[in-house]
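Readers should treat all values here as calculations from the given coordinates under stated rules, not as data from a laboratory. Keep in mind the model is a prediction, meaning the values are calculated, not measured. Please note: Cβ atoms are built from the backbone with ideal geometry, for glycine as well, and neighbour counts cover all protein chains shown.
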Amino acid sequence: MAKYKFDGTYLKEGSTVLANVKGNEIREGRGTTVIGNIKGDEIRQKHGTTIMFNIKGDEIRQGNSTSKIATMKDVDKEIDGPGKVVKAALWLLCCR
């Protein structure tokens, strides 16, 4: 059983909300502080354009590079719920 649960809006560890997703933004807890944003297969820093991670197939890569840091299997072991890039972003920003 996975440690975290994502219901499409909230990422929870038990009853504690770690992050929420609204549109393409990932926000801290139940609040409005943006900790990352998603554009296509890229996970970017806060509101900015700096690429922190990218998803290519089932591989999660650092920045714009081809250096694999994890796979979607790693994410699926930790987080139950829908999504691919959103779930990977939540894992990278909140769980890892």
Exactly one condition in (1) touching a helix residue (DSSP H, G or I) at 6+ places or on another chain (Cβ under 7 Å); (2) part of a loop (DSSP other than H, G, I, E, B) is not met by Ile38; state its number. (2)
Identify all residues within region 40-68 that are closer than 18 Å to Lys87 by Cβ and exposed (fewer than 12 other Cβ atoms within 10 Å of the Cβ); write none if there are none. Gly40, Lys56, Gly57
Can Lys68 be described as out of contact with any strand residue (DSSP E or B) (no Cβ under 8 Å at 6 or more places or on another chain) and on the phi < 0 side of the Ramachandran plot? no
Looking at region 1-35, which of its residues are within 18 Å of Met72 (Cα to Cα), among the basic types (Lys, Arg) and part of a loop (DSSP other than H, G, I, E, B)? Lys3
State whether one or more residues within region 6-22 are of a type in the set (S, T, N, Q), within 14 Å of Leu93 (Cα to Cα) and more than 11 Å from the chain's Cα centre (by Cα). no
Identity of the residue in region 80-95, outside any helix (DSSP H, G or I) and under 10 Å from the mean Cα position of the chain (by Cα), that ends up farthest from Glu42 (Cα to Cα): Gly83
So, in region 1-39, of the ones that are polar (S, T, N, Q) and under 26 Å from Ser65 (Cβ atoms), which residue ends up surrounded by the most Cβ atoms within 10 Å (Cβ to Cβ)? Asn37
